[in-house]
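The values are calculated or read from the model by the stated rules, or taken from the named source; none is laboratory data. Computed from a predicted model, the values in this text were never measured in an experiment. Here the Cβ positions follow ideal geometry from the backbone for every residue, glycine too, while neighbour counts run over all protein chains shown.
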Amino acid sequence: MELRNKKWTDEEFFEIREEVLKQWPTGSEVDLKEAIEYNKQIPDHKNFAKKLIKAKEEGITLAQPRAGVALIDKHIELLKFLEEEGGADLLPTTIDSYTRLNRYDACEIGIKDSITEGRSLLNGFPGVNHGVKGCRQVFEAVNLPLEARHGTPDARLLAEITHASGWTSNEGGGISYNIPYAKNASLKKSMLDWQYCDRLVGYYEQQGISINREPFGPLTGTLVPPSTSNAVAIIETLVAAEQGVKNVTVGYGQCGNLIQDVAAIRALEEQCHEYLKANGYNDVYVTTVMHEWMGGFPEDEAKAFGVIATGAAAAALAGATKVIVKTPHEAVGIPTKEANAMGIRATKMTLNLLSGQRMPMSQELKTEIEIIKAETKCMVDMIYQVGKGDLAIGVIKGFEMGIIDVPFAPSKFNAGKMMPARDNNGAIRYFKFGNLPFTEELKNFNTKKLEERAKFENRDVSFQMTIDDIFAVGKGVLIGRPEKK
């Protein structure tokens, strides 16, 4: 099928759907007509889209963990623990890495070995292998909305199974679940495959069922400048809206400078609305998510809680609709359910203390919002330009040209010429611009900010700053200052 940013017809969608459902035997469990009736019976408090709308209208920030293990009973036990002991407002199901690669045969081995060993030998829940029957079992065991979180370039069968099971949210997109996750996955194919996922959601919406879609905001989670992640989120939102998606959560990974974090979320929401309106998508409900710190964590649990609370505070002060929670075990591996629950409780305490508080507008915040929006506009508008008005085509050409360039991404379809670093206040700036289509004014702003830091540290602006910044938080600070001799 040819890639273009145009809503798929029913004929196009259902023709491809026949092949998608044949990818693995559990595809035969999906009966779309029955799935629609099943979803219509879901109470509002278990519908992801409806719960987000309620939270936004009430000015509340919801807390959602990450979690997933191989076996159905153990996964239910984990989610119920996070709901009851952790106090989560929304529940995830983190999908395993084999599913992300569509290696369902390897998942089968992982499930069998997990049963034998009595512990999860997969790093997530193999939703496709468990099928509608297993995924519904999970959904019916909990009392909160459920979202699939994964990292899959081709999530079509996973989306079919999870939505048919009552999971009313799916995270990802053709860019955000390819460029940061895969080396060789074709960008054209992943854009098409995610158009399928969005068209599926659009079909449910046509039947009166609200399903949330969430582009993955943090990308690589390592020194990603806000305008880079915002540009991707806006593009994925517009592509989703064309396929009929009506409820979108745009996300951002905490960078650490409080003013920049608040500015990023506010700029993202404002600009998303601006682009949706400009393109005639007037019925898309937009919410926001802040991901707590996605980079290296300190091993010390007390210090880790400090990182977690800072992320929760940024989410609250920005007015984000939800926050994705981290755990005090981030530095040591997959967290225990107890550690995960502690991360949620620490986050919720911070959210409760800051309930109703918002960072007031200041000149510094205003400037940061304007800079982020201006940089984002340069990238998004140029993507439209090289695609000759077609956003999907523009994405393919734009990544070839380096118009959007994600730092530290493994994908061969990413230019890898842009390089970030922190300024003297810890805000993330562009150090090397690569082929980014910024104005000279924006380039000068970024360069000046990094020169201010270099002067303070008595060193040159260089890649060493970037290296130092990557490891800084793990060492207990935000900015990677040179060690004093």
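Listing for the model above:
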{"quantity": "Residue count, segment 116-144 (criterion: within 22 Å of the chain's Cα centre (by Cα), touching a residue at least 60 places away in the same chain (Cβ under 8 Å) and more than 14 Å from P92 (Cβ to Cβ))", "calculated": "1"}
{"quantity": "Unique match (being buried (at least 22 other Cβ atoms within 10 Å of the Cβ) and either modelled with pLDDT of 95 or more or touching an Asp or Glu at 6+ places or on another chain (Cβ under 7 Å) (or both)) among G311, G295", "calculated": "G311"}
{"quantity": "Residue match in segment 21-28 (condition: crowded, with 17+ Cβ neighbours inside 10 Å and either among the polar types (S, T, N, Q) or modelled with pLDDT under 95 (or both))", "calculated": "yes"}
{"quantity": "Selected residue (only one of T439, T466, T447 is touching a strand residue (DSSP E or B) at 6+ places or on another chain (Cβ under 7 Å) and not aliphatic (A, V, I, L, M))", "calculated": "T466"}
{"quantity": "First in segment 54-66 and free of Cβ contacts under 8 Å to residues at least 60 places away in the same chain, second anywhere and assigned to a helix (DSSP H, G or I) and aromatic (F, W, Y), Cβ under 9 Å, 6 or more apart", "calculated": "none"}
{"quantity": "Qualifying position, being part of a strand (DSSP E or B), in contact (Cβ under 8 Å) with a residue 24 or more places away in the chain, of a type in the set (S, T, N, Q) and in the same structural domain as K40 (by TED's automatic domain parsing), among T222, T237, T288, T228", "calculated": "T288"}
{"quantity": "Positions within segment 322-379 being within 18 Å of G311 (Cβ to Cβ), in a helix (DSSP H, G or I), touching a residue at least 12 places away in the same chain (Cβ under 8 Å) and among the polar types (S, T, N, Q), in sequence order", "calculated": "N340, T347, T350"}
{"quantity": "Matching entry among D283, D261 (being assigned to a loop (DSSP other than H, G, I, E, B) and either in contact (Cβ under 8 Å) with a residue 24 or more places away in the chain or under 21 Å from V406 (Cα atoms) (or both))", "calculated": "D283"}
{"quantity": "Scan of segment 394-414 for residues that are touching a helix residue (DSSP H, G or I) at 6+ places or on another chain (Cβ under 9 Å) and under 14 Å from T220 (Cα atoms), ordered by number", "calculated": "I404, D405, V406, P407, F408, S411, N414"}
{"quantity": "Subset of segment 417-456 [assigned to a helix (DSSP H, G or I), in contact with a helix residue (DSSP H, G or I) (Cβ under 8 Å, 6 or more places away or on another chain) and either aliphatic (A, V, I, L, M) or closer than 24 Å to I383 by Cβ (or both)]", "calculated": "L442, F445, L450, A454"}
{"quantity": "Residues that are touching a Gly at 6+ places or on another chain (Cβ under 6 Å) and either among the hydroxyl-bearing types (S, T, Y) or surrounded by fewer than 18 Cβ atoms within 10 Å (Cβ to Cβ) (or both), drawn from segment 346-385", "calculated": "R358, Y384"}
{"quantity": "Residue satisfying all of: in segment 398-435; surrounded by 20 or more Cβ atoms within 10 Å (Cβ to Cβ) and among the acidic types (D, E); nearest to I371 (Cα to Cα) among these", "calculated": "D423"}
{"quantity": "T466 vs. criteria β-branched (V, I, T), touching a Pro at 6+ places or on another chain (Cβ under 8 Å) and at pLDDT 95 or above", "calculated": "yes"}
{"quantity": "Selection status of F438, within 28 Å of the chain's Cα centre (by Cα) and modelled with pLDDT of 95 or more", "calculated": "yes"}
{"quantity": "Odd one out for R459 among (1) part of a helix (DSSP H, G or I); (2) out of contact with any Phe, Trp or Tyr (no Cβ under 8 Å at 6 or more places or on another chain); (3) charged (D, E, K, R)", "calculated": "(1)"}
{"quantity": "Residue tally, condition farther than 21 Å from F297 by Cβ and touching a helix residue (DSSP H, G or I) at 6+ places or on another chain (Cβ under 7 Å), over segment 466-485", "calculated": "1"}
{"quantity": "Residue count for segment 57-89, restricted to those that are in a loop (DSSP other than H, G, I, E, B) and not polar (S, T, N, Q)", "calculated": "14"}
{"quantity": "Count of residues meeting criterion [modelled with pLDDT of 95 or more, surrounded by fewer than 19 Cβ atoms within 10 Å (Cβ to Cβ) and hydrophobic (A, V, I, L, M, F, W, C)] in segment 1-12", "calculated": "1"}
{"quantity": "Residue within segment 197-215 that is over 13 Å from the mean Cα position of the chain (by Cα), at pLDDT 95 or above and assigned to a strand (DSSP E or B) present", "calculated": "no"}
{"quantity": "Meets criteria (out of contact with any helix residue (DSSP H, G or I) (no Cβ under 6 Å at 6 or more places or on another chain), farther than 24 Å from G343 by Cβ and hydroxyl-bearing (S, T, Y)) for T116", "calculated": "yes"}
